[in-house]
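Comments concern the structure below.
We did not get these values from a lab; they are worked out from the coordinates using the rules stated. Worth saying up front: this structure is predicted, and the values here are computed from it rather than measured. So basically every Cβ, Gly included, is an ideal-geometry build from the backbone, and we count neighbours across all protein chains shown.
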Amino acid sequence: HGVIDVDLSEYHTIMYKTLWNLCVPRNLACLPLALECLSKMLLVNDLPKDRATAFAKRLLMVSLYLPPYGALAVLHLFNQMAQKHRHVKHLIDFETTQGGLGVYSFDLEDP
C-alpha cells in the first residue's frame with residue numbers, strides 16, 4: 001500500500017484566513033462544520049509547532065467575538081490542541097517562562 005504525501009500548507013493558509021469569517025453572525029451556522037474540519041486538521045501529530053501556535057492564537061482571538069455557545073466550542077478545540085501539542089499550553093500559562101514563538105500579528109493571512 002502506497003502512501004500519498006500531500007502538502008497541506010495551501011489548505012492551512014485558506015483556513016487560517018477564513019477563521020475571522022466565523023465572527024460574522026450570518027456565518028455562525030457554519031461553526032460546527034468549521035470546527036470539525038479544524039479539529040481534523042489541527043489535532044494531528046505532524047503539525048509544525050509554529051503553525052499550531054498560530055492557529056491556537058487565532059482561535060483564542062476568534063472566541064472573543066463569538067456568542068457563548070460558539071466561544072465554548074472554540075475553547076474546547078483549543079483545549080484539545082493544548083493536550084495534543086504541549087507547547088500551545090504556554091499561550092495561557094502565565095507561570096511559564098517560555099512564552100510563545102515570537103510576536104503575534106493578528107492581521108497576517110498565512111500561519
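Some points to look at:
- Per-residue [θ]222 nm for the chain (sum of -39500 (n - 2.57) over DSSP H runs n ≥ 4, rounded to 500): -15500 deg cm²/dmol
- The modelled label-to-label distance for the pair Y65/E36, using points 7 Å beyond Cα in the direction of Cβ, is 2.4 nm.
- Residue-span extension gain [W20 to A73] - 0.36 nm each, minus C-alpha spacing: 17.6 nm
- Only Lys, Arg, Asp and Glu carry charge here, each on its Cβ (+1 for the first two, -1 for the last two); on that basis the range 18-57 has a dipole of about 100 debye about its Cα centre.
- Taken along the Cα-to-beta-carbon direction at a fixed 7 Å, the label points for K84 and N45 span 1.3 nm.
- Spherically averaged projected area of the range 1-60 from its Cα convex hull (nm²): 4.9
- Efficiency of FRET between V6 and E109 - r from beta-carbon atoms, R0 22 angstrom, step 0.05: 0.55
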